[in-house]
1. Can you name every residue in the range 190-202 that is part of a helix (DSSP H, G or I) and buried (at least 17 other Cβ atoms within 10 Å of the Cβ)?
2. Report yes if some residue within the range 204-214 is free of Cβ contacts under 8 Å to residues at least 40 places away in the same chain, surrounded by 15 or more Cβ atoms within 10 Å (Cβ to Cβ), assigned to a loop (DSSP other than H, G, I, E, B) and out of contact with any His (no Cβ under 9 Å at 6 or more places or on another chain); otherwise report no.
3. Quick check, is Asp184 touching a strand residue (DSSP E or B) at 6+ places or on another chain (Cβ under 9 Å) and not assigned by TED's automatic domain parsing to the domain that holds Val49?
4. If Val112 satisfies every condition in (1) within 20 Å of Ala26 (Cα to Cα); (2) in the same structural domain as Val42 (by TED's automatic domain parsing); (3) assigned to a loop (DSSP other than H, G, I, E, B) but one, which is the exception?
5. Is there any pair linking a residue in the range 66-79 that is free of Cβ contacts under 8 Å to residues at least 40 places away in the same chain and closer than 14 Å to Ala93 by Cβ to one that is outside any strand (DSSP E or B) and basic (Lys, Arg), with Cβ under 6 Å and at least six apart or on different chains, and which?
6. If only one of Lys137, Lys128, Lys153 is at pLDDT below 95 and in contact with a Ser or Thr (Cβ under 7 Å, 6 or more places away or on another chain), which one is it?
7. So, in the range 40-65, of the ones that are surrounded by 18 or more Cβ atoms within 10 Å (Cβ to Cβ) and under 16 Å from the mean Cα position of the chain (by Cα), which residue ends up nearest to Ala93 (Cα to Cα)?
8. Among residues belonging to the range 135-187 that are assigned to a helix (DSSP H, G or I) and among the small types (Gly, Ala, Ser), point out the one that is surrounded by the fewest Cβ atoms within 10 Å (Cβ to Cβ).
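The values are calculated or read from the model by the stated rules, or taken from the named source; none is laboratory data. These figures come from a predicted structure and were not determined experimentally. Here the Cβ is made from the backbone with ideal geometry for all residues, glycine too, and neighbour counts use every protein chain on show.
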Amino acid sequence: MKVLIVEDEHRIATALQKGLKQERFAVDVAYDGASGYDLASVETYDVIVLDLMLPKMDGISVCKKLREGGNHTPILMLTAKNQVRDRVSGLDAGADDYLSKPFAFEELLARVRALTRRPQKMTETTLKVSDLTLDPKSFEVTRAGKSVQLSSKEFALLEYFMRNPNTILSKEQLISHVWNYDADILPNTVEVYVKKLREKIDVPFADKEPLLHTIRGFGYKLGV
C-alpha cells in the first residue's frame, strides 16, 4: 500500500515516513502544499496524510482542489489545532478523517489502515484469495494452512494483489502502488519480484491450482 505524507515539519514527516515503512507501506513525502498537490495529482496513493497548516498551499485548499479535480483518495488531515470549526472545515473540504497533534503513531496507523480498507473489507482484517490468506496487521501469510515467509516488498506486492483479486494489474500500476515515487526501478524489477512471489505462494504447492498468473502483454493477475 502506498501513502503520501504532506507535512512541513521535517521531524514529524521523517518519523511518520520511518514508522509507516516499518509497517510495509511505500511512502512519499512532500513538505509544502503545492508539492503535495502535484504528487497527489500525478501519482496513485491509497491514503494521503495531509497537514492543515502548510506553506504555499494550506491543507484545506489542497483537499478541495483534489476533490474538485475528481481525486477521491482517502485523506487523513492533521492539525495542531483542536477546535470544532477546524475539524468541520477539514471534513467539509473533503477529508475522510481528522487527527489532532500531538498524536500517538499507533492511532495514526490504525486510522490509515481503516482508510485503506474497501467497504467489503470493513468487517474483516484478513485478506483471502482461495486458500491464500494475508493479515495486514500481523504480517502473516499462509497458504493451505502453511506459513509463507515474505520480504517486506514481497508482502507489499502480495497485499496489493490480494486487495484487487482477479484483476489484471499492469507493471505500471504495481510500481505506482508498491514502490516509492523516487525509487530506482529497473524495467525488469516487477518481473523479478513477481517471480520471487510465485516461487513462494505457488511453486511449493504443486498440488494446488496456481494463483499468480502472467497475462502476456497486459500484466499479472492473482486468482483462481
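1. Val190, Tyr193, Val194, Leu197, Lys200, Ile201
2. No, the range 204-214 contains no residue that is free of Cβ contacts under 8 Å to residues at least 40 places away in the same chain, surrounded by 15 or more Cβ atoms within 10 Å (Cβ to Cβ), assigned to a loop (DSSP other than H, G, I, E, B) and out of contact with any His (no Cβ under 9 Å at 6 or more places or on another chain).
3. Values: touching a strand residue (DSSP E or B) at 6+ places or on another chain (Cβ under 9 Å): no; not assigned by TED's automatic domain parsing to the domain that holds Val49: yes.
No.
4. Just one mismatch for Val112, condition (3).
5. Short answer, once both residue conditions are applied: Leu76/Arg111.
6. Details: Lys128 fails: in contact with a Ser or Thr (Cβ under 7 Å, 6 or more places away or on another chain); Lys153 fails: in contact with a Ser or Thr (Cβ under 7 Å, 6 or more places away or on another chain).
Checking each option against the conditions leaves just Lys137.
7. Leu50
8. Of the residues in the range 135-187, the ones assigned to a helix (DSSP H, G or I) are 152-162, 171-178.
Cutting the leftovers down to among the small types (Gly, Ala, Ser) gives us 152, 156, 176.
On the way: Ser152: 14, Ala156: 21, Ser176: 18.
Among those that are assigned to a helix (DSSP H, G or I) and among the small types (Gly, Ala, Ser), it is Ser152.
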